[in-house]
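Here is the structure we will look at, set down as structure tokens.
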Amino acid sequence: MTQGNGAGARITVADHLLARLRALGTAHVFGIPGDYILPLYRRMASAGIAHVASCNELNAGYAADGYARLAGLGAVAVTCGPGALSLVNAIAGAYAERVPIVVIAGGPPARDYRTQPSRHHLLPGDYHAAVRIFEDITAAAQVLEDAASAPRAIDHALGAALLTRRPVYLEVPADVQLAACDPPAPFVRPAPAGGDRVALAALVHEIAARVRRGRTVLLPGHEVQSYGLEAAVRALVEKTGLAVASMLIGKATYLEDLPQCLGTYQGAGTEASVRQYVEGADTLLFLGAVDSDFNLGGGTATFADDQAIWIFDSAARCGGRLIPGIELEPLLGALHTALPAGSSTGSARPCRRFLHPRGDQRPLAADAPITSRCFYDRLATFFEPGDIIAADAGCAVELAHTGLPRDARMLTGLYWASIGMGFGAAFGASFAATEGARIIAVEGDGSFQMTAQELSSMARYDRRVIVFVVNNRGFTAERLIHDGPFNDVAQWRYHALPEIFGAARGLEVRTEGDLEQALAQAAAHGGPGPLLVEIHLDPFDASEVFKLMSARLRSG
């Protein structure tokens, strides 16, 4: 919508926001319409943005998360009150895991924010409750009560999302959405501050000295993907020859094909020779990795503080010292310059070790009951370069210990660890993936039941996602911590759901022979919509890695 003609023509606030999103590569907005957000919805098509409906707002947030991890920026549009607050869990997870999402909430007319009459969707006498809630889980949160200043506020929020790689929240009154504002100036992406150059130089000098003195192992984490630094980390590993291990949170599929890759490190969940090599290193350099309990095997990692250098959240922690102003990207560039080629030292490293390796597999026995080990071993050979693999909870842990091909990408939320996120993310990622890339979701039955409605959305939009649902009759992770009937879930006929939702038929796997046939059909799947494969496992069938994590959580 414009008013007037020529270069000075005015546009609406909604047009400004949507045009900015489109220019930043966001071609889809997830969400559910509500009366207060309808003005913006009316403007989407003319801005070249497609609306994608989910079954509820929480799932829309998860979908925007999966979309943003591939496209660089996601967006979700809902009405205020119940719509916006239904997003809180998804947005909190995106904040924790550094995923930039623009939350757009429609509000009542701007005048009502001043007088606060009793209105639907609004808390009595507290119209600003939502923005206060979102302040703690976003990089910027604001109500745009004035059309004249709205473009500046929008650009500030978008800049904050791009710079911090975290969500932002914009609540826009319904009348402001279609109010006229000045045409936008060119958008200027905010440049990173670059951090403390003196501190950076000193840290690089210390790391280089450590590398010269003894064995160093690199352990990259999820911030590498958040900031799009995979190529920089790979270049550093290829130049230096330093050993590298993949971690649970931010699995480094972009390195796992290299001979320097040891496999997966996760404390006591690590293969013995890999654990000995990593924990026996002189220096462990954690690049963009969080020192969470899950990443360190439930607290079972056994290395000293002075062995580790952590680079995370714009700071370094080294030998008990906290060094602020250390940004990951300039650090990688400085290390690439400072470290000579072939600078790796130390004893011979073990060959790649994954619990579920790629390569030749044992012959399957057609009538043998399917096991967890067999299923994930077979998935390792099923995955192809370029696959987008989303997973939750126990399935994500198993896949972290699975060798994946180069250019495959894992989408998990194992830092925030909200089950159901992976399936919602798979739906969103299907709109951002490159042409021909397969989207594969691997879900436990408990996780799947959280967000299963989006199977119908996948059918509606002909998303040809391959969905594996592990039916072990409940929450196996919790069973291994403390068993009881509270860990049971309702028993669904999962393989029948695609037909109900108008998609391709589902498949049921009870034996190794069933699995072989199902994987062949999955490999050839061309739609319409998703294909769901139900895998029947014993409720206590889990890998040793999984059992070790659960034992640690059980002991407190």
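Looking at Val143 and the list (1) touching a Lys or Arg at 6+ places or on another chain (Cβ under 8 Å); (2) at pLDDT 95 or above, which single condition is not satisfied? Evaluating Val143 over (1) touching a Lys or Arg at 6+ places or on another chain (Cβ under 8 Å); (2) at pLDDT 95 or above leaves (1) as the failure.
Residues of the stretch 491-526 that are at pLDDT 90 or above, assigned to a loop (DSSP other than H, G, I, E, B) and of a type in the set (A, V, I, L, M, F, W, C): Trp492, Phe501, Ala524.
Only one of the numbered conditions (1) crowded, with 20+ Cβ neighbours inside 10 Å; (2) out of contact with any His (no Cβ under 7 Å at 6 or more places or on another chain); (3) more than 14 Å from Ala139 (Cβ to Cβ) is not met by Gly194, and that is (1). Among residues of the stretch 376-391 that are over 21 Å from Asp445 (Cα atoms), those with a beta-carbon under 9 Å from a residue that is of a type in the set (D, E, K, R) and assigned to a strand (DSSP E or B) at least six positions away or on a different chain give the pairs Gly386/Arg409; Asp387/Arg409.
Of the residues in the stretch 448-467, none is under 28 Å from Asp367 (Cβ atoms), among the charged types (D, E, K, R) and more than 23 Å from the chain's Cα centre (by Cα).
Scan the stretch 260-283 for residues that are closer than 20 Å to Arg234 by Cα, surrounded by fewer than 24 Cβ atoms within 10 Å (Cβ to Cβ) and hydroxyl-bearing (Ser, Thr, Tyr) and the total you get is 1.
Just to be sure, is Ile154 over 21 Å from Leu18 (Cα atoms) and either assigned by TED's automatic domain parsing to the domain that holds Leu58 or crowded, with 18+ Cβ neighbours inside 10 Å (or both)? Spelling it out, it is not the case that Ile154 is over 21 Å from Leu18 (Cα atoms) and either assigned by TED's automatic domain parsing to the domain that holds Leu58 or crowded, with 18+ Cβ neighbours inside 10 Å (or both). Please work out which residue is surrounded by the fewest Cβ atoms within 10 Å (Cβ to Cβ), limiting yourself to the stretch 132-150 and to residues that are over 24 Å from the mean Cα position of the chain (by Cα) and in a helix (DSSP H, G or I). Result: Arg132. Quick one: in the stretch 176-185, which of the residues that are over 12 Å from Ser149 (Cα atoms) and modelled with pLDDT of 90 or more is surrounded by the most Cβ atoms within 10 Å (Cβ to Cβ)? Restricting to residues being over 12 Å from Ser149 (Cα atoms) and modelled with pLDDT of 90 or more, the top hit is Gln177.
Restricting to the stretch 423-456, and then to whatever is out of contact with any Asp or Glu (no Cβ under 8 Å at 6 or more places or on another chain), over 18 Å from Leu531 (Cβ atoms) and not hydrophobic (A, V, I, L, M, F, W, C), can you tell me which residue is surrounded by the fewest Cβ atoms within 10 Å (Cβ to Cβ)? The residue in question is Glu435. Consider the stretch 367-398 and keep the residues that are acidic (Asp, Glu) and in contact with a Ser or Thr (Cβ under 7 Å, 6 or more places away or on another chain). The one that is nearest to Ala426 (Cα to Cα) is Asp392.
Contact annotation: residue pairs with Cβ atoms under 6 Å, 6 or more positions apart or on different chains, pairing a residue in the stretch 97-112 that is touching a residue at least 60 places away in the same chain (Cβ under 8 Å) with a partner that is polar (S, T, N, Q), are Arg98/Ser226; Gly106/Thr79.
In this structure, is Leu332 touching a residue at least 60 places away in the same chain (Cβ under 8 Å), in the same structural domain as Phe286 (by TED's automatic domain parsing) and either buried (at least 17 other Cβ atoms within 10 Å of the Cβ) or in a loop (DSSP other than H, G, I, E, B) (or both)? Criteria met by Leu332.
The values are calculated or read from the model by the stated rules, or taken from the named source; none is laboratory data. These numbers were taken from a predicted model, which means no experiment stands behind them. FYI the Cβ positions are ideal-geometry reconstructions off the backbone, even for glycines, and counts take in every protein chain you see.
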